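Trainee: Next up is a structure, given as structure tokens.
None of the figures in this text is laboratory data; all of them are computed from the coordinates on show. The shown structure was predicted, so the numbers you read here are calculated from the model rather than taken from an experiment. Here the Cβ positions follow ideal geometry from the backbone for every residue, glycine too, while neighbour counts run over all protein chains shown.
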Amino acid sequence: MPPSPWPVRTTRLLTLVAVLAAVVLAVAWYGCSGETVWRIQVRWFGLGLLACALNAAGCLAWLATGIRALRRERAWTTAELRRREDRPTPVTAAVPLPRTELVTAARMRRYHRADCPLMRGKPTVPVTPDLAPCGVCAS
């Protein structure tokens, strides 16, 4: 499993901000619920909104940290792949691939390689262009 893009310090800071926001929200809720005067309730409500905004800002900062780390990792990986592509590959002697004969049998709608298990023990007929490839032998 790849390492997390978020450092432990950043995650702890987010946790601290979330706990602080939850405490402020609880205080605001408690203060608002005990008030009957609308003007005072609005102040407590504003404090609750401020706590929610603080939590959202912490979450956004945490996400931005991870996104920046992932972008750095992607840039490094892309540069590494380009660097590896620029290296010359060793030239090896070309090995001729074995010629695979394509066959079919009477009333079959697909063509097969001669060594396909579906063709074992069946008389073969020439392949016509309207046939589809076999799904077993992946011709």
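Trainee: When you scan the stretch 5-33, how many residues do you find that are in a loop (DSSP other than H, G, I, E, B) and either without any contact (Cβ under 8 Å) to a residue 40 or more places away in the chain or in contact with a Phe, Trp or Tyr (Cβ under 9 Å, 6 or more places away or on another chain) (or both)? Before you say what the answer is, go through the steps one by one.
Mentor: To start, the set of residues in the stretch 5-33 that are in a loop (DSSP other than H, G, I, E, B) comprises 5-7.
Right, trim to either without any contact (Cβ under 8 Å) to a residue 40 or more places away in the chain or in contact with a Phe, Trp or Tyr (Cβ under 9 Å, 6 or more places away or on another chain) (or both) and you get 6.
Residues meeting the conditions: 1.
Trainee: Out of everything in the stretch 30-45 that is loosely packed, with under 14 Cβ neighbours inside 10 Å and of a type in the set (Phe, Trp, Tyr), what residue ends up being nearest to Cys59 (Cα to Cα)?
Mentor: Tyr30
Trainee: Restricting to the stretch 104-121, give me the number of residues that are part of a loop (DSSP other than H, G, I, E, B) and surrounded by 14 or more Cβ atoms within 10 Å (Cβ to Cβ). I'd like the intermediate steps shown before the answer.
Mentor: Kept after step one, since they are part of a loop (DSSP other than H, G, I, E, B), are these residues of the stretch 104-121: 106-109, 114-116, 120-121.
This time we only want the ones that are surrounded by 14 or more Cβ atoms within 10 Å (Cβ to Cβ), so: 108, 116.
Number satisfying all stated conditions: 2.
Trainee: Still on this model: Only residues that are farther than 13 Å from Ala61 by Cβ, of a type outside the set (Gly, Ala, Ser) and surrounded by fewer than 15 Cβ atoms within 10 Å (Cβ to Cβ): list them for the stretch 16-29, please.
Mentor: Scanning the stretch 16-29 gives Val19, Leu20, Val23, Val27.
Trainee: Within the stretch 115-126, how many residues are under 43 Å from the mean Cα position of the chain (by Cα) and closer than 11 Å to Leu102 by Cα?
Mentor: Summing the residues that are under 43 Å from the mean Cα position of the chain (by Cα) and closer than 11 Å to Leu102 by Cα in the stretch 115-126 gives 3.
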